[in-house]
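The values are calculated or read from the model by the stated rules, or taken from the named source; none is laboratory data. From a predicted model like this one, the values you see are computed outputs, not experimental measurements. Cβ placement follows ideal geometry from the backbone for every residue including glycine, while neighbour counts extend to all protein chains displayed. Surface areas here come from the heavy atoms of the whole protein model, side chains and all, with no ligands, DNA or RNA. Shrake-Rupley method; radii C 1.70, N 1.55, O 1.52, S 1.80 Å.
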Amino acid sequence: MQSIFIEGLKKGMQLTWTLGKVIFPVTLIVTILQFTPVLPWVMKQLEPVMGLLGLSGEAAVPLVLGNFLNLYAGIAAIISFDFTVKEVFILAVMLSFSHNLIIESTVAKKVGVSWWLVIGVRIGLAFLSALFINLAWSGGQEQAKYGFAPERQTVPEGWVEIISQGLQTAAMGIIQLALIVIPLMVAMQYLREKGWLDRFSEWLAPATRFLGMERNTSMTLAAGLTIGLAYGAGLMIQAVEEDGVSKKDMFLAMIFLVSCHAVVEDTLIFIPLGIPIWPLLAIRLLTAILLTAAVGFVWNRAQREKRRSLSHEY
């Protein structure tokens, strides 16, 4: 038991260091940019696009903050404006698909999936979902009533306070990462040694097969669905290195997870905004399942055709 704990602790610290080297500098830079003319300029450029999505110009603020920072920053920005229920729901769906882009996409690159592909899929899903909701739903014109919401940070004065807040935010991100990743890796090492991971893979085998993946991808999907891309990346990296997850299966897993990850947390935090959360969860899950299954079907069919043509040649 002691050896399992030590091995899990070692892996957890290694993964915290690997992911921390990405998360700390990105968080610091983006937090500082928030108080410079850069992010306001980006918001201004996006204002003309907002009308096509059924949103007012102010909606660019939570979208930019949510995509550059995280969902909490996006929600904090939403409650700063008077939006309709429809606008808040559209923003919630968009931010569910597309948030914390820089960190989560950089983390995805660690498992061999293209940074640009991840960003493209997430932004594409966000905009397509917004267009669909805007065209399909004519209701929700009443004013949104906000409940409890994330505490707003005080605006720092001067570069010293700005950099200090950036360092604090980045440091807290690493501490939070370590508190999640290290115990998780210890637990995963225990489950691996006791054979529980094999059983879990068997239980999820029908679902992974439907999505076009092998069953050894199950832990990657479970990690991403429950704790998200950034924190689940540790298990994903380990899956590539130790579980023999193929490049194709990791690609399909990432397609699924960029559409639908951290489903419990990312859905529940929208409750204070006074919008229906079950449709929000359903949209994410259905999109992830259909998109991944379609890509997996096409990919597997292409592989079979390639093998068939090679066998005919010989």
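Scanning region 285-302 turns up at least one residue that is at pLDDT 80 or above and exposed (fewer than 11 other Cβ atoms within 10 Å of the Cβ).
Examine region 21-42 for a residue that is among the aliphatic types (A, V, I, L, M) and closer than 30 Å to residue 190 by Cβ, and state whether such a residue exists. Yes, the conditions are met somewhere in region 21-42. Of all residues in region 30-53, at least one satisfies being open to solvent by 50 Å² or more (accessible area, probe 1.4 Å), of a type in the set (Gly, Ala, Ser) and within 21 Å of residue 140 (Cβ to Cβ).
In region 110-132, the residues that are within 29 Å of residue 14 (Cα to Cα) reach residues that are surrounded by fewer than 14 Cβ atoms within 10 Å (Cβ to Cβ) with C-beta atoms within less than 8 angstrom, at least six apart or across chains, in these pairs: 112/247.
Considering the conditions (1) within 15 Å of residue 274 (Cα to Cα); (2) buried (at least 23 other Cβ atoms within 10 Å of the Cβ); (3) out of contact with any Ser or Thr (no Cβ under 8 Å at 6 or more places or on another chain), residue 98 is excluded by exactly one of them, (1). Pick from region 54-68 the residues that are under 21 Å from residue 122 (Cα atoms) and free of Cβ contacts under 8 Å to residues at least 24 places away in the same chain: which of them is least open to solvent (accessible area, probe 1.4 Å)? Residue satisfying both the conditions and the ranking: 60. Among the residues of region 102-122, is there at least one that is among the hydrophobic types (A, V, I, L, M, F, W, C) and open to solvent by 80 Å² or more (accessible area, probe 1.4 Å)? Checking region 102-122: at least one residue is among the hydrophobic types (A, V, I, L, M, F, W, C) and open to solvent by 80 Å² or more (accessible area, probe 1.4 Å).
Residues of region 101-132 that are at pLDDT 85 or above and not in a helix (DSSP H, G or I): none at all.
Within region 5-16, does at least one residue satisfy the condition of being part of a helix (DSSP H, G or I), under 29 Å from residue 179 (Cβ atoms), at pLDDT 80 or above and open to solvent by less than 90 Å² (accessible area, probe 1.4 Å)? The answer is yes; a qualifying residue exists.
Residues in region 133-144 that are open to solvent by 30 Å² or more (accessible area, probe 1.4 Å) and either within 22 Å of residue 99 (Cβ to Cβ) or touching a residue at least 24 places away in the same chain (Cβ under 8 Å) (or both): 5 in all.
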